[in-house]
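Throughout, read-outs are computed from the coordinates displayed, never taken from laboratory work. Since the model is a prediction, treat every value here as computed from it, not as a measurement. Note that each Cβ is placed from the backbone with ideal geometry, even for glycine, and that neighbours are counted across all protein chains shown.
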There are 2 protein chains.
Amino acid sequence: MVKARGLDTKMSEPKIELRPIGTIRSELKERTGAPRQGNEGAPDAWLEVEDWAARALSGVAEGDRLIVITWLHRGRRDTFEVYPRGDRRHTLTGVFATRSPDRPNPLGLHPVVVHKIEGNRLLVGPIEAVDGTPVVDIKPEI
Amino acid sequence: MVKARGLDTKMSEPKIELRPIGTIRSELKERTGAPRQGNEGAPDAWLEVEDWAARALSGVAEGDRLIVITWLHRGRRDTFEVYPRGDRRHTLTGVFATRSPDRPNPLGLHPVVVHKIEGNRLLVGPIEAVDGTPVVDIKPEI
């Protein structure tokens, strides 16, 4: 039995729509050249939370360790396998075994420390997400 | 200046649509009574990956520690503050400082071990997600 591959396959699940709750404001402007992980020399960045979601920040304090969940809006959703770290000497690997930003649902998980809070804005880092990346959730560290 | 609160506030961001890549098949059928976290007595469960996404599993092996990202489809998206663990003796707290399944984008992060792989199905656990929960991403542990 041959099974169709790709995103054009019919899917029975209902639609799930994310509403960005904030945006990353970073000195990193381009994916090219950006660190691949937060702990590989990434800078701190401001996380600006939308006014409508600001109430959900109560209880978040400077010094907290959080997981920021982003939507990696420049990721390719039709990529299923990659050479890890873009190095073709590595074995072609399914994206679920990697942190590639190219994946069916390009969600990013960023463990960060909250360095400063100014109203709806959190200075967090280190974080490798580029400027303008939508933020979809914030949680305590796992 | 008074700012409007709530999900009816206009949002300038483009729509972001998640496509479930799989589904949790669990003995936990109802949110009521389910453990609040995987490490609080949750069972193992099968993660069934859709055929169209199965190629992204290559490289995932038994014994791997993964983060499963779910869409907590029974979460309330209009909840911004909660009493942690539903206990009103606690302080009313913003959902971004908690793991409440009620939040603007009810994503769940589940650190699990892969116990068995059978084709497109992974036996993973412990995991507190209820039966039928959509899975939107799988990543190596942070």
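So for the stretch B:52-102, Kirkwood radius off the Cα pairs, Stokes-Einstein at 37 °C and 0.692 mPa s: how many µm² s⁻¹?
236 µm²/s
Given a Förster radius of 22 Å and the C-beta distance between B:N120 and A:D87 as r, what FRET efficiency does 1/(1 + (r/R0)^6) yield to the nearest 0.05?
0.20
Taking a ≥ b ≥ c as the square roots of the Cα gyration tensor eigenvalues, with a/c under 1.5 meaning rounded and otherwise prolate when a/b beats b/c, else oblate, which class fits chain A?
Here chain A falls in the oblate category.
Does the protein assembly as shown come out rounded, prolate or oblate, given a ≥ b ≥ c as the square roots of the eigenvalues of its C-alpha gyration tensor, rounded meaning a/c under 1.5 and, failing that, prolate meaning a/b above b/c?
Cα axes put the protein assembly as shown in the oblate bin.
According to the square roots a ≥ b ≥ c of the eigenvalues of the Cα gyration tensor, what is the shape class of the stretch A:64-142, taking rounded for a/c under 1.5, prolate for a/b larger than b/c otherwise, and oblate for the remainder?
Cα axes put the stretch A:64-142 in the prolate bin.
How many partner chain Cβ atoms sit within 10 Å of a residue's Cβ in peptide B:97-110, on average, as a whole number?
5
Full extension from B:A61 to B:E17: what is 0.36 nm times the residue separation minus their Cα-Cα distance, to one decimal in nm?
13.0 nm
What FRET efficiency, computed as 1/(1 + (r/R0)^6) with R0 = 35 Å and r the Cβ-Cβ distance, is obtained for B:R76 and A:E40, rounded to the nearest 0.05?
After rounding, the FRET efficiency stands at 0.40.
If you average the alpha carbon positions of the stretch A:39-105 and of the stretch B:87-131, how far apart do those two centres end up, in angstrom?
Comparing the Cα centres of the stretch A:39-105 and the stretch B:87-131, I get a distance of 18 Å.
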